[in-house]
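Values quoted throughout were computed directly from the atomic coordinates according to the rules given, and no laboratory measurement underlies them. Since the structure is predicted, the reported quantities are computational estimates derived from the model, not experimental observations. Cβ sites come from the backbone with ideal geometry, for glycine too, and all protein chains shown count toward neighbours.
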Ligand code: ADP
């Protein structure tokens, strides 16, 4: 059939992917944009200066898809990472809570980089910062700026920083920041992505020098791709490593306890943890999910129909379920990759 691109390259009201997917009429989307603008107006009913020249549909997209007023993650939901939690509390949370104390010599850096293997809790930390500091959380994946918002990324970045400045204190979390601020230059770099990068750095520069309470957190699995300009702006660079043995035990226990499925002994938990060296937090979550299917699979194997199965007839999750799940769920990070993170951390990371 005829291929309809999700984004029109110029103008029109069709650039909003969400609107199209949701199948809303233009009227509905106009109404929604109007509501978003109204919410951003000051007490005088006027739209703040920074937002005046921005397209309403971009502001609507930021307000509805990127902004999260209550990310609902707290420090206690994150296993391990005590060093990162301590640094972040001092560098970010206290200044956001007490801007009057953290000025002058104590004024905080406005850029934080979280780097390390995928699935280790970087996004969770970003959300927890916003939650603990009672800040508005904005989440954007940098690769979506270059893929989904082709040719419009620059405008979206302006809208993002514009809305954030009206929603202070704010935390802007940019996932895969390497795809935006990578050091691969000139050849092959499109004019549009170069402009996008420049716009992003300009926006960062803007709030870095002012008194705005906006923090930018970049997350990446490929810190070595960041260029010098990016490193300069992301002044604090924290390594978020794979979970320790204790943190892995915590994740298993916490996930099973939430569902009332935790019946393992201390020794059994220790065995699971010693078999999962090299697993990320997200690998551990997948492992628990797979293991917790064990009792269900066994009941069904015995011929009980799924519609007639009673929850209380299912046995609890055992060490054997975990041993079976270990055959299915393998670690997603290789030891080679870990070496690269260690190297980069030694050279550019904030070690204390
Ligand atoms: P990243 O941003 O580093 O790629 P995420 O923060 O998105 O990883 O983590 C993915 C999922 O893995 C989380 O939703 C959580 O369930 C689990 N997870 C990862 N690290 C941790 C951790 N340290 N403590 C608890 N859960 C974790």
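List of remarks:
- Segment residue 100-residue 315, length gained on full extension (0.36 nm per residue, minus Cα span): 71.8 nm
- Compared with the dominant Cα axis of the chain, that is its longest principal axis, helix 245-258 is turned about 90°.
- Average projected area [Cα convex hull, segment 69-203], square nanometres: 9.3 nm²
- Peptides 121-130, 36-45 ordered by average Cβ neighbours within 10 Å, highest first: 121-130, 36-45
- Folded to 0 to 90 degrees: helix 281-291 orientation relative to the chain principal axis, Cα: 40 degrees
- The three principal axes of the Cα atoms in the chain give end-to-end lengths of 65, 54, 47 Å, sorted in falling order.
- Listed from fewest to most Cβ neighbours within 10 Å, the set 61, 83 follows the order 83, 61.
- Relative contact order (percent, whole number), the chain, Cα cutoff 8 Å, 6+ residue spacing: 18 percent
- Length gained on full extension, residue 297 to residue 332, computed as 0.36 nm times the residue gap minus the Cα-Cα distance: 10.1 nm.
- Against the main long axis of the alpha-carbon atoms of the chain, helix 335-348 sits at an angle near 40°.
- Protection proxy ranking, highest mean first, for peptides 228-236, 309-317: 228-236, 309-317, where packing is the per-residue count of other beta-carbon atoms within 10 Å, averaged.
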